[in-house]
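The structure appears below as structure tokens.
The values are calculated or read from the model by the stated rules, or taken from the named source; none is laboratory data. Quantities reported herein were computed from a predicted structural model and do not represent experimental measurements. With ideal geometry, Cβ positions are generated from the backbone for all residues, glycine too; neighbour counts draw on all protein chains shown.
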Amino acid sequence: MSIGDIWNIVILAPMINVLIIVSQYLFHNFGLAIIALTIVIRLATLPLTTKQAKATKSIQELQPKLAELQKKYARDRQKLAQEQMRLYKESGVNPAGCMLPMLIQMPIWIALFQSIIKVLAVIPEDFLSLSKFLYPTWSSVFTLVPLESRFLWLDLAVPDRFLILPILVGGTMWLQQKMSMPAVADPRQQAQSQMMLWMMPLMFAFFTLQFPSGLALYWVASNIISIIIQYRVSGWGGLITPKPTKPVKTPFKLVSREETKREVTSSESAPSETKSAETTPAELPGKKSIFSYLPWKSRAQHKKK
């Protein structure tokens, strides 16, 4: 048995049959079935998604320290790698924590992607291919196909000609990436982040013009759920730029020109007052002693002493 057969039996066939049965309980509306199954899958993988978002936030908080290490060991790549791993270990951050949950979820997303395309069969050859994946024991599955492909203004089997879904796909993906984008000090990394911020949404919006609208509906629903999860973990993140802190101004007192002259005059006169206090009046040349102003009897008594 090849890997393709294992994939079809274990993952793809259950996804197709569940998608058809879910549409039966949602008023035979395949669009609602896509949205409902997307929500169920995202809720089932919520612990992995939350772990990925938290790991991304932790790495964002380490960006200033990582930038310092890059400046310090710019010429020694080996030492830089060692110091970065030491910083990750001390902070309790696993760099693979951002990628591992995504790798685990990728098979589920690919299976849902293929299921939507196969269920939306529009030609007889596609129906023959779809019949290979239907469970013979589930008789209701055969009675439900082909499914109704109309949902709102959309025909889920063909691309959206009104260009509303491509705009929603690109806009929601840009919003989710902007919320999770780290603040990078390095100009090169900042340029790369900006390029990825715009390239991925534009690329998926272009794919939406080529693929059936049912797949675009899945992308929109998945992106909205990702935005909600990202907001619960890190808030609006990169959407809100931090306001620069204003320097604290120390209070000062306005001094008039007259007060300044007064202070200068008092400071210049202070030494002379000190000198006059330390020097007795008798020692001052050319000036009469204080005893000369006393009555003559007191002056005579002072001379006897």
Inset, instruction - Provide a single number: the residues in the range 134-168 that are surrounded by 12 or more Cβ atoms within 10 Å (Cβ to Cβ) and closer than 18 Å to Ser23 by Cα. - result: 17
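Let's see how each residue does on (1) in contact with a Leu (Cβ under 9 Å, 6 or more places away or on another chain); (2) at pLDDT below 85; (3) in a loop (DSSP other than H, G, I, E, B); (4) under 26 Å from Arg161 (Cβ atoms):
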| position | (1), (2), (3), (4) |
| --- | --- |
| Ser193 | no, yes, no, no |
| Trp198 | no, no, no, yes |
| Phe206 | no, no, no, yes |
| Thr241 | no, yes, yes, no |
| Lys246 | no, yes, yes, no |
| Lys253 | no, yes, yes, no |
| Glu263 | no, yes, no, no |
| Glu268 | no, yes, no, no |
| Ser272 | no, yes, no, no |
Inset, instruction - Tally the residues that are closer than 28 Å to Tyr25 by Cα, assigned to a helix (DSSP H, G or I) and not polar (S, T, N, Q), restricting the search to the range 140-184. - result: 7
Legend entry - Those helices (runs of 4 or more DSSP H) lying entirely in the range 1-92 with at least 3 residues over 33 Å from the mean Cα position of the chain (by Cα): 3-7, 13-25
Legend entry - Subset of the range 1-43 (residues that are without any contact (Cβ under 8 Å) to a residue 40 or more places away in the chain and of a type in the set (S, T, N, Q)): Ser2
Inset, instruction - Output the residues belonging to the range 27-66 that are β-branched (Val, Ile, Thr) and either surrounded by 15 or more Cβ atoms within 10 Å (Cβ to Cβ) or on the phi > 0 side of the Ramachandran plot (or both). - result: Ile34, Ile35, Thr38, Ile41, Thr45, Thr49, Thr50, Thr56, Ile59
Inset, instruction - May I ask you to list the residues in the range 24-78 that are of a type in the set (S, T, N, Q) and within 19 Å of Trp219 (Cβ to Cβ)? - result: Asn29, Thr38, Thr45, Thr49, Gln52
